Amino acid sequence: MSNRYLIANWKMNLPPEGITAYLKAVATEPAGNVRVLIAPPFPYIDNIAGETKLGVAAQNCADREKAALTGEVAPSMISDCGARFVILGHSERRNLFGESDTLIARKLAAAIAVGLTPILCIGEELRIREAGQVATFLAAQIRAASEAGLDSVPEIVVAYEPVWAIGTGRNASGIMVADTVAHIREAMERFWPARFKDAPLLYGGSVTPDNVDDLETNGRIDGYLCGGASLDSGKFRSILRGMQRPSATP
Ligand code: PEP
């Protein structure tokens, strides 16, 4: 069975209650078999990794180790600061910063080369869903990632994040998620090394304490990447608690 994950993607925000109070509150919540990761903005990674036993992820990295790239952060620097994971291919990076599948594959390769575990985000825009092209679109994103040479990575985490559900308050239903992750798993089986057909597959997109039960019961997923709700330790803990209830997908 895959690891289960709950990841707080703070984006370019900090929790209003303060970092230390937030980390303490989250760390006191029993996590069972769920690995809880915090993905803060780059400048906070070092301190957070030193302050908490929770896992730490970066939200992005450069596609190479050494170059004159003003404003970029090399994967090894992230690892030096104590993060073991890196989110790549988030739709905000794809859409607002023009990151292509090709660039994301290069970033994956660079992250893997220094031993970071990638959290690869994939997801369709509403027009793709309305045109009935979700399976083909997501399969192309999965196939593009295989260019990174995934053979040498011990673990890869995938986050299915439909673009229309991110930060909109409109989440995919558990049944819709289950249907879509079945397509994603088919593509992973087809395009990735065999051992990744069961890689942890998370859902992200307006997850809250109110919809986690439906996602847990029907979604057939291994956890969540949370944005907005992750900034409040109370909401984030409540989602974590939701993952421990008996209704949770086995
Ligand atoms: C995200 O940014 O990865 C995300 C899922 O955001 P939100 O939970 O706010 O939709």
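No value in this document is a laboratory result; all are computed from the given coordinates. Quick caveat: nothing in here was measured; it's all calculated off a predicted structure. Note: ideal-geometry Cβ built from the backbone for every residue, glycine included; neighbour counts use all protein chains shown.
For ARG35, enumerate residues with amide H under 5 Å from its amide H, sequence gap 5+ or separate chain, H modeled in the peptide plane.
Residues meeting the amide H criterion: ARG4, TYR5, LEU6.
Under the Karplus relation 6.51 cos²θ - 1.76 cosθ + 1.60, θ = phi - 60°, what is the ordered set of whole-Hz ³J(HN,Hα) values for the stretch 118-132, x standing for Gly and Pro?
Each residue of the stretch 118-132 in turn: x, 10, 8, 8, 9, x, 9, 7, 4, 4, 5, 5, 5, 8, x Hz.
Report the FRET efficiency, 1/(1 + (r/R0)^6), for ARG241 and MET12, where r is their Cβ-Cβ distance and R0 is 35 Å, rounded to 0.05.
Efficiency computed from Cβ-Cβ geometry: 0.80.
GNM, the chain, Cα, under 10 Å: largest mean-square fluctuation among GLY82, GLY32, GLY227?
So, out of GLY82, GLY32, GLY227, the one fluctuating most is GLY32.
Measure out, as a whole number of angstrom, how far apart the alpha-carbon centroids of the stretch 186-228 and the stretch 42-71 sit.
24 Å
Using 0.36 nm per residue, how much length does the chain from ARG170 to LYS197 gain when fully extended, once their Cα-Cα distance is taken away?
Extending this stretch completely gives an extra 6.9 nm.
When the chain is modelled as a GNM with alpha-carbon springs shorter than 10 Å, which of ALA159, ALA144, ALA109 fluctuates the most?
Of ALA159, ALA144, ALA109, the most mobile in the Gaussian network model is ALA144.
Pick from TYR44, TYR224, TYR160 the residue whose mean-square fluctuation is largest in a GNM of the chain, springs joining Cα atoms under 10 Å.
So, out of TYR44, TYR224, TYR160, the one fluctuating most is TYR44.
Short version: ³J(HN,Hα) in whole Hz for each residue of the stretch 4-10, in order, from phi by Karplus 6.51 cos²θ - 1.76 cosθ + 1.60 (θ = phi - 60°), x for Gly and Pro, what are they?
Per-residue couplings from phi come out as 9, 10, 10, 10, 9, 9, 6 Hz.
Using modelled amide H (1.01 Å from N, peptide plane; none on Pro or chain starts), what sits under 5 Å from the amide H of GLU99, excluding residues fewer than 5 places away?
ARG94
In whole Hz, with x marking every Gly and Pro, tabulate ³J(HN,Hα) for the stretch 220-227 from phi via Karplus 6.51 cos²θ - 1.76 cosθ + 1.60, θ = phi - 60°.
6, 10, 10, x, 9, 10, 10, x
With helices defined as uninterrupted DSSP H runs, which ones in the chain have an alpha carbon span along their own long axis of at least 30 Å and mean Kyte-Doolittle hydropathy of at least -1.0?
What comes out of the filter, once short or polar helices are dropped, is none.
How much length, in nm to one decimal, is gained on full extension between ASP80 and ASP213, taken as 0.36 nm per residue of separation minus their Cα-Cα distance?
44.2 nm
Add +1 for every Lys or Arg and -1 for every Asp or Glu among the other residues with Cβ under 11 Å from the Cβ of LEU231, and state the total.
Summing Lys/Arg as +1 and Asp/Glu as -1 gives 0.
For the stretch 160-250, build the charge dipole from Cβ charges (+1 Lys, Arg; -1 Asp, Glu) around the Cα centre, then report which of TYR203, GLY174, GLN244 sits farthest towards its positive end.
About the Cα centre, the residue reaching furthest to the positive side is GLN244.
What do you get for trypsin sites (Lys or Arg not before Pro) in the stretch 60-102 restricted to DSSP loop and a cutoff of at most 13 other Cβ within 10 Å of the site's Cβ?
Those satisfying the criteria are LYS66.
Within the set LYS11/LYS66; LYS66/LYS107; LYS24/LYS235, which residue pairs have Cα atoms separated by over 19 Å?
Beyond 19 Å: LYS11/LYS66.
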